[in-house]
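Colleague: Take a look at the following structure, please.
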């Protein structure tokens with residue numbers, strides 16, 4: 001029964017998901033307002049705002065993976081078999097698969113942040129760009145290590 005102590009944590013993540021939806025709509029309305037009023041938005045400004053929207057969507061996707069996959073793995077079965085809305089990845093989720101999926105999602109989010117940094121490079125100091133690149137590479141190496149470890153664990157079974 002102690003697994004149900006995690007239920008409020010997942011409910012809190014659903015609230016965080018709602019906050020990200022709110023943030024997405026605020027940014028989209030801001031973009032539409034800029035396009036309607038200024039009409040002189042540079043391609044770089046537009047790209048940075050759109051990358052911000054993509055970033056929010058990717059973080060939101062990460063939240064969904066954690067909420068649905070975590071609930072299914074650690075709290076209670078969702079009984080979605082043969083349901084038309086069942087996510088494809090959910091049928092073979094376990095703690096190891098969830099870790100690998102989360103690690104790759106974090107790499108995707110980090111990639112968006114790094115791309116925003118590179119697009120905005122003239123206004124960012126070299127040290128910041130270097131550290132962001134190093135941190136991104138650390139995420140990549142960590143994800144590869146997690147995936148390799150999961151492969152080793154599954155090959156022994």
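The values are calculated or read from the model by the stated rules, or taken from the named source; none is laboratory data. Worth saying up front: this structure is predicted, and the values here are computed from it rather than measured. Note that we place each Cβ from the backbone using ideal geometry, even for glycine, and neighbour counts take in every protein chain shown.
Colleague: Being surrounded by 11 or more Cβ atoms within 10 Å (Cβ to Cβ) and without any contact (Cβ under 8 Å) to a residue 12 or more places away in the chain is the filter; apply it to the stretch 26-41 and report the residue that is nearest to residue 54 (Cα to Cα).
Modeller: 26
Colleague: May I ask you to list pairs of residues, at least six apart or on different chains, whose Cβ atoms are under 6 Å apart, with the first in the stretch 112-131 being free of Cβ contacts under 8 Å to residues at least 12 places away in the same chain and the second being surrounded by 15 or more Cβ atoms within 10 Å (Cβ to Cβ)?
Modeller: 124/117
Colleague: Here are some residues: 127, 155, 142. Which one is modelled with pLDDT under 90, out of contact with any strand residue (DSSP E or B) (no Cβ under 6 Å at 6 or more places or on another chain) and either surrounded by 13 or more Cβ atoms within 10 Å (Cβ to Cβ) or not in a loop (DSSP other than H, G, I, E, B) (or both)?
Modeller: Exactly one of 127, 155, 142 is modelled with pLDDT under 90, out of contact with any strand residue (DSSP E or B) (no Cβ under 6 Å at 6 or more places or on another chain) and either surrounded by 13 or more Cβ atoms within 10 Å (Cβ to Cβ) or not in a loop (DSSP other than H, G, I, E, B) (or both), namely 155.
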